[in-house]
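Structure first, then comments.
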Amino acid sequence: MTITLKQYPQCISDLFTCGLMYAVAEYKIHSPQPLTQSESWDFWTQPRSSFMEWLARTYPLKTQRMSYLNRMLDHDHASGIETHYDVSNDFYALFLDERYRFYTCAEFQSEQDSLEEAQTNKAQYLLSLMQLQGTESVLDLGCGWGAMLKFLQDSGHQGQLAGYTLSKEQLTYGQQQLGLNVSLTNFITNDFVEAPYERIFSIGALEHVRPHELKDLYQKIYDALVPGGLAVHQFFSLEREPYPTSMVLMQLFFPGSLLSMHETHIQMAQEVGFQITHDSIHDYQPTLQAWYQRLLKKQDQAIELVGLEIFNRYMTFFPTAWLFFQQHEAELHRVVMKKPETEKHK
Ligand SMILES: C[S@@+](CC[C@H](N)C(=O)[O-])C[C@H]1O[C@@H](n2cnc3c(N)ncnc32)[C@H](O)[C@@H]1O
């Protein structure tokens, strides 16, 4: 890795403020050439020396990263989310599964599974957790390109379906291409105006809810469900410690987002009255690898659509996210939360 004179001051400043991983990732994202497989996937996923590992994990120091992350949380996180998703629908179509466009962890049941099959396996799994009879009203928090809503329609679900997103590009796609009832609604700050629902689910959206917003959101979901209703969520959450150095690195991809500890999710959900009836762990790594491989093959089209920097950003995002799961900083969970038929007096 050679650092040019022009990049030198920025690299040094990133190194001191945000640590080794962030500085290297930022440097690579701004590479004047498309990143090759050895500069991106192989670079991030190969084992490092124990000194480098130690440095990457311990610097910035805990107090320093907490104050950096708390400053990042002052930003409007909605604009950070828009920045990630409003890149270009055609760009995402280059690497997501062709049928549904899920941008969340799939379920590879064997190495032979295609991404399309693995996403259908995941959707089928979540469908079974939802225990639908066919007519229930369902709300999707963070519906992306409408993948799960479309899957529910394809499975013959007849009940009312609605979805919220923060991305204008996704909204256009969901409304115009799929004819879905989706709206540009921030599920953290807005009321769920068409409540009550019999099911509320989210796939890959609770990652964007910051720790201090979690309890109010679970309360809102609880209040918006009918008695006996289910909330079904797929999300990843921290397993080892709050504020790890990897959260600083992730600001490059999701500015203003901060993951919560898994135990915090469960505790907050129980405190508002939910019973946890299912909590399973799944492997995100094969999905990240599949997206990366597809994007790598579509390099020229990708650069034409979004430019070199954004291409390099995703070529860095997928392997660093893979590493995050490899080190068990976080795990991907599928959780079912049940609102009791009869409520206890609060
Ligand atoms: C990783 S994508 C997942 C999309 C989809 N569920 C899927 O499985 O492909 C996260 C989604 O959550 C949405 N999102 C995140 N925070 C949100 C918020 N506060 N309000 C509404 N949508 C939100 C984003 O706009 C995006 O659609």
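General remarks:
- Residue match in the stretch 57-64 (condition: surrounded by 12 or more Cβ atoms within 10 Å (Cβ to Cβ) and among the hydrophobic types (A, V, I, L, M, F, W, C)): no
- Annotation note: of THR264, THR316, THR320, the sole residue that is part of a helix (DSSP H, G or I), more than 24 Å from PHE102 (Cα to Cα), among the polar types (S, T, N, Q) and within 18 Å of the chain's Cα centre (by Cα) is THR264.
- Sole exception among (1) outside any loop (DSSP other than H, G, I, E, B); (2) surrounded by fewer than 17 Cβ atoms within 10 Å (Cβ to Cβ); (3) of a type outside the set (Lys, Arg) for GLU26, by number: (2)
- Test: residue in the stretch 235-247 that is of a type in the set (Phe, Trp, Tyr) and more than 16 Å from the ligand (Cβ to nearest atom): yes
- Scoring VAL193 on the criteria (1) more than 12 Å from the ligand (Cβ to nearest atom); (2) in a strand (DSSP E or B); (3) not hydroxyl-bearing (Ser, Thr, Tyr) leaves a single failure, condition (2).
- So ALA269, is it more than 16 Å from the ligand (Cβ to nearest atom) and under 30 Å from GLY134 (Cβ atoms): yes
- The residues in the stretch 154-184 that are under 20 Å from GLU136 (Cβ atoms) and either of a type in the set (Asp, Glu) or near the ligand (Cβ under 8 Å from one of its atoms) (or both) can be counted, and the count is 2.
- Filtered residues of the stretch 128-148 (kept if more than 9 Å from the ligand (Cβ to nearest atom) and within 19 Å of ILE221 (Cβ to Cβ)): LEU129, MET130, GLN131, LEU132, GLU136, SER137, VAL138, LEU139
- The residues listed here are HIS278, HIS282; of these, the one that is within 19 Å of the chain's Cα centre (by Cα) and either modelled with pLDDT of 95 or more or among the hydrophobic types (A, V, I, L, M, F, W, C) (or both) is HIS282.
- Cross-chain or 6+ apart pairs with Cβ under 7 Å, the stretch 121-133 first and over 17 Å from GLY229 (Cβ atoms), then part of a helix (DSSP H, G or I) and not acidic (Asp, Glu): ALA123/MET148; ALA123/PHE151
- Close pairs (6 angstrom Cβ cut-off, 6 or more residues apart or separate chains): under 7 Å from LEU258 (Cα atoms) in the stretch 204-220, more than 10 Å from the ligand (Cβ to nearest atom) and assigned to a helix (DSSP H, G or I) anywhere: ARG210/LEU73
- Here LYS28, LYS6, LYS62 are screened, and the one residue that is in contact with a Phe, Trp or Tyr (Cβ under 7 Å, 6 or more places away or on another chain) and either charged (D, E, K, R) or at pLDDT below 90 (or both) is LYS62.
The values are calculated or read from the model by the stated rules, or taken from the named source; none is laboratory data. In this text the structure is predicted, and so the values were computed from the model without any measurement. All Cβ positions, even for glycine, are placed from backbone atoms using ideal geometry, and neighbour counts span all protein chains on display.
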